[in-house]
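Asker: Following this message is one structure expressed as structure tokens.
The values are calculated or read from the model by the stated rules, or taken from the named source; none is laboratory data. Small disclaimer: the values here were computed from a predicted structure and weren't measured. Positions of Cβ are generated from backbone atoms using ideal geometry, with glycine treated the same way; all protein chains shown enter the neighbour counts. Just so you know, the surface numbers come from the protein's heavy atoms only, side chains and all, with ligands and any DNA or RNA stripped out. Shrake-Rupley method; radii C 1.70, N 1.55, O 1.52, S 1.80 Å.
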Amino acid sequence: MLHPPLLDELGLESALRAFIAMYERRTNVAVRLALKNQIGRLRPEVELGVFRIAQESLFNVQRHSGSDKVEIQLSRSGSMFEVSIRDWGKGVDSEAIRSKSLGIAGMRERVRLLGGELEIGPANPGAIVRARLPLER
């Protein structure tokens, strides 16, 4: 998928809001974007990484979860940035988490290249994807 131009022009929050609006229209899944504090602009590679993780997670909700709602939470704290994507669907099993699926493998590799950590697990009900990324490299 091409680099989202809104990311460069308006930043992560605006690009995510635009993507979420399109996603909600296409899937009838309600998405709440929650900002724990002022996000501001991030390094371009961090903004792209967070956008792609949120995007892939939303695609996975559509394909596998059965949830009709999702919450994406963005948080900037000290030298770290965190994104979490939670759904209230059928959950995720450990086999899926360990799988070599392109989506999960792509998220893991993206987070690794940015020097961060990725967790995928149950949210009871549902599943949660959480990435913690350093703001500086």
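Asker: Taking the condition among the polar types (S, T, N, Q) and open to solvent by 40 Å² or more (accessible area, probe 1.4 Å), does residue 62 pass?
Answerer: Here the answer is yes, as residue 62 does meet what is asked.
Asker: Looking only at strands (runs of 3 or more DSSP E) that fall completely inside region 1-88, which ones have 2 or more residues that are within 24 Å of residue 123 (Cα to Cα) and out of contact with any Asp or Glu (no Cβ under 9 Å at 6 or more places or on another chain)?
Answerer: Fully inside region 1-88 and qualifying: 69-77, 80-87.
Asker: Sticking with this structure for a sec: Any chance region 48-63 includes a residue that's touching a residue at least 60 places away in the same chain (Cβ under 8 Å) and more than 13 Å from the chain's Cα centre (by Cα)?
Answerer: No: region 48-63 contains no residue that is touching a residue at least 60 places away in the same chain (Cβ under 8 Å) and more than 13 Å from the chain's Cα centre (by Cα).
Asker: Quick check on my filter: what residues within region 100-125 are at pLDDT below 95 and either open to solvent by less than 40 Å² (accessible area, probe 1.4 Å) or within 11 Å of residue 56 (Cβ to Cβ) (or both)?
Answerer: Listed by number, the residues that qualify are 101, 102, 103, 104, 105, 106, 107, 108, 110, 120, 121, 123.
Asker: Does region 8-38 hold any residues that are free of Cβ contacts under 8 Å to residues at least 60 places away in the same chain, of a type in the set (A, V, I, L, M), open to solvent by less than 40 Å² (accessible area, probe 1.4 Å) and touching a strand residue (DSSP E or B) at 6+ places or on another chain (Cβ under 8 Å), and which are they?
Answerer: Answer for region 8-38, where residues must be free of Cβ contacts under 8 Å to residues at least 60 places away in the same chain, of a type in the set (A, V, I, L, M), open to solvent by less than 40 Å² (accessible area, probe 1.4 Å) and touching a strand residue (DSSP E or B) at 6+ places or on another chain (Cβ under 8 Å): 16, 20, 29, 31, 33, 34.
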